[in-house]
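First the structure, in the form of structure tokens, and then the observations on it.
The values are calculated or read from the model by the stated rules, or taken from the named source; none is laboratory data. For clarity, every value in this text was computed on a predicted model and none was experimentally measured. Cβ atoms come from the backbone with ideal geometry, glycine included; neighbour counts cover every protein chain shown. Accessible surface is based on the protein model in full, side chains and every heavy atom, while ligands, DNA and RNA are left aside. Shrake-Rupley method; radii C 1.70, N 1.55, O 1.52, S 1.80 Å.
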Amino acid sequence: MKLYRTRQAIFAEQAGQFYAIDTTSWDDLITREDLSSFLAVSVKAKKPVEAPPQDLLPPIGSQEVWAAGVTYYRSRDARMEESKSAGGGDFYDRVYHAARPELFFKATAHRVVGPGAKVATRDDAKWSVPEPELALFVTPRGKIAGYTIGNDMSSRDIEGENPLYLPQAKVYDRSCALGPCLLIADEPLLSTTEIKIEIRRAGSPAFSGSTTLAEMKRKPQELVEYLYRSSSFPSGCFLLTGTGVVPPDSFTLQPGDEIQISIPPIGTLMNSVG
């Protein structure tokens, strides 16, 4: 079952058909501990709408977005290389092997954009990249109730200059994209689940890459368990689980670039840079 948040209403998708859900509060809906069964009953009582939902919004209400870093070996390598001259490269190797993961605050809802919207690069950054990631939706009680696609926009030169600059490299307006929907699933996604990214520039491919969840060093539930230690999330939260696809050091985003991230069970998130 997939949930879509739009300007007009909230829709559920089942078996390729779409149903309007009787609720005005996205937060109240997705924080239900019985969400899967509630949606199943709601859909049975309704007739499908004639057309797919339009004007999609990011599938977020009042939740915070957090992120995990260095959860893939490729990310560890990239972070070590970019911060080597600042003397911080060793930090990333240590956290990759440590029991405690790297977790950091990424965005409030107003800094998040949805499908088709423009993501941003920092004005004071010279080296900016997208980071395609699986995003977890976690309920107030710490249950992984759904999944969406995340783009963790990052200023690699700022973080590389000094690891303590990470909040500035990661947190700014339109630095995060989520969508196109929230996949509601009681079971974890398969380790073979693929995450793919393609960046097009002036209509031509500029970069592409892929990875699978099997390449993640840490399990999603492990990341959630650490995030919820001594912290409460009354409306639940979103947790980006890290990236395993990193463009080459010679690549940086430019205005007008089109970013397409696909995770087959969820769909495709498309954004442009501007």
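In the stretch 1-57, which residue that is among the β-branched types (Val, Ile, Thr) and closer than 22 Å to PHE233 by Cα is surrounded by the most Cβ atoms within 10 Å (Cβ to Cβ)? Checking each candidate, the answer is ILE30.
Count of the stretch 103-123 residues, restricted to those that are touching a Phe, Trp or Tyr at 6+ places or on another chain (Cβ under 8 Å) and outside any helix (DSSP H, G or I), is 6.
When restricted to residues that are among the aliphatic types (A, V, I, L, M), closer than 15 Å to ILE263 by Cβ and touching a Lys or Arg at 6+ places or on another chain (Cβ under 7 Å), the stretch 126-165 contains 0. Answer yes if at least one residue in the stretch 245-256 is within 30 Å of PHE18 (Cβ to Cβ) and open to solvent by less than 30 Å² (accessible area, probe 1.4 Å), and no otherwise. Checked against the condition, which is being within 30 Å of PHE18 (Cβ to Cβ) and open to solvent by less than 30 Å² (accessible area, probe 1.4 Å), the stretch 245-256 yields no hits at all. Scanning the stretch 257-274 for residues that are of a type outside the set (S, T, N, Q) and either closer than 16 Å to SER210 by Cβ or open to solvent by 60 Å² or more (accessible area, probe 1.4 Å) (or both) returns GLU258, ILE259, ILE261, ILE263, PRO264, PRO265, ILE266, GLY267, LEU269, MET270.
SER191: of a type in the set (S, T, N, Q), open to solvent by less than 50 Å² (accessible area, probe 1.4 Å) and on the phi < 0 side of the Ramachandran plot, yes or no? For SER191, the condition - of a type in the set (S, T, N, Q), open to solvent by less than 50 Å² (accessible area, probe 1.4 Å) and on the phi < 0 side of the Ramachandran plot - is not met. When the stretch 194-212 is filtered for residues that are open to solvent by less than 40 Å² (accessible area, probe 1.4 Å) and not in a strand (DSSP E or B), nothing remains. Among the residues making up the stretch 213-244, those that are open to solvent by less than 20 Å² (accessible area, probe 1.4 Å) and touching an Asp or Glu at 6+ places or on another chain (Cβ under 9 Å) are PHE233, GLY236, CYS237, PHE238, LEU240, THR241, GLY242, THR243, GLY244.
Looking at the stretch 170-178, can you tell me whether even one residue there is among the β-branched types (Val, Ile, Thr) and open to solvent by less than 20 Å² (accessible area, probe 1.4 Å)? No, the stretch 170-178 contains no residue that is among the β-branched types (Val, Ile, Thr) and open to solvent by less than 20 Å² (accessible area, probe 1.4 Å). Residues in the stretch 125-152 that are more than 16 Å from ILE266 (Cα to Cα) and touching a strand residue (DSSP E or B) at 6+ places or on another chain (Cβ under 8 Å): 9 in all.
Candidates are the residues of the stretch 26-57 that are in contact (Cβ under 8 Å) with a residue 40 or more places away in the chain and among the hydrophobic types (A, V, I, L, M, F, W, C); the one that is nearest to TYR147 (Cα to Cα) is ILE30. Here the stretch 21-80 is the region considered, the condition is being assigned to a helix (DSSP H, G or I) and basic (Lys, Arg), and the residue that is modelled with the highest pLDDT is LYS44.
Out of curiosity, is PRO180 farther than 21 Å from PRO101 by Cβ and either out of contact with any helix residue (DSSP H, G or I) (no Cβ under 9 Å at 6 or more places or on another chain) or at pLDDT 95 or above (or both)? Considered against the rule, which asks whether it is farther than 21 Å from PRO101 by Cβ and either out of contact with any helix residue (DSSP H, G or I) (no Cβ under 9 Å at 6 or more places or on another chain) or at pLDDT 95 or above (or both), PRO180 comes out as yes.
Screening ARG7 against (1) basic (Lys, Arg); (2) under 26 Å from TYR172 (Cα atoms); (3) more than 22 Å from the chain's Cα centre (by Cα) leaves a single unmet condition, (3). Pairs meeting the criteria (first residue in the stretch 246-259 and over 12 Å from ILE197 (Cβ atoms) and of a type in the set (Val, Ile, Thr), second residue at pLDDT 95 or above and assigned to a loop (DSSP other than H, G, I, E, B), beta carbons under 6 Å, at least 6 apart or on different chains) are THR252/TRP127.
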